[in-house]
Amino acid sequence: MIRNILIASSDQKARFYLQQDIFKNTTHNLHFIDIKDRSLTGFSPDIIFIDLDKRTNTLSHISKIKSVFLYIPIIGILDPSDTSLIFSSLKVGITGFLEKNASKKVLIWTLDFALSGGTPMSKRIAKCILSSFQFPQQPLLSQRENEVFQLLANKKSYIEIANDLSLSINTIKTHTKHIYDKLQVQSKSELSKRYQNSSFPNNLYY
């Protein structure tokens, strides 16, 4: 199917790459505009590729393009090492991404996937985005709680644990309550099973 493709870029090398290396010998209708072009009338694109570059302040132009072509997918072409540009462009309406110097096969996949309603991006960019929503996993127990946990799991009494750690019985009971809450157990038998099933019990503390 013949598609009308609008490419917004101020980079002559990027234009040449897309026109000569990627879309050469295809039946798609290509229309190039400078990213700084104030006029967006007269175009009816099916999809828009925009060259993302901080040097030309392309982000400030995406909102304008989005307002004119509200329901048209906009694909950002960028260097994936610039992670800040990934998130900034998502905030202003980018639909998906294409890495600079991607192969023709990847670009055609990006084109088809975006036009089918998808959000195309490379594994590297997807991993970058996902990692921003993930936090380092914090161990469940403090170091002191972990000490109490191991002694409880070895069936020591509160008095024995208090003597071993030079703490009061009430302090041991407080630590035990926190351990039960954090590990979501209800009894010493469950606690012992949790300890036995843990391959690295010493790594439960922070």
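The residues of region 17-41 that are at pLDDT 70 or above and outside any loop (DSSP other than H, G, I, E, B), listed by number, are N29, L30, H31, F32, I33.
Is at least one residue of region 42-49 modelled with pLDDT under 80 and either within 29 Å of S132 (Cβ to Cβ) or in the same structural domain as K123 (by TED's automatic domain parsing) (or both)? Walk me through how you get there before you give the answer.
Step one: filter region 42-49 for residues modelled with pLDDT under 80, giving 42-43.
Retained after the next criterion (residues that are either within 29 Å of S132 (Cβ to Cβ) or in the same structural domain as K123 (by TED's automatic domain parsing) (or both)): 42-43.
So far as region 42-49 goes, yes, one or more of its residues are modelled with pLDDT under 80 and either within 29 Å of S132 (Cβ to Cβ) or in the same structural domain as K123 (by TED's automatic domain parsing) (or both).
Of the helices (runs of 4 or more DSSP H) lying entirely inside region 76-189, those containing at least 1 residues that are at pLDDT below 85 and either surrounded by fewer than 17 Cβ atoms within 10 Å (Cβ to Cβ) or among the small types (G, A, S) (or both) span 83-91, 104-115, 123-131, 169-183.
The values are calculated or read from the model by the stated rules, or taken from the named source; none is laboratory data. What you see is a predicted model; the values in this text were computed from it and never measured. Neighbour counts run over all protein chains shown; Cβ positions are idealised from the backbone, glycine included.
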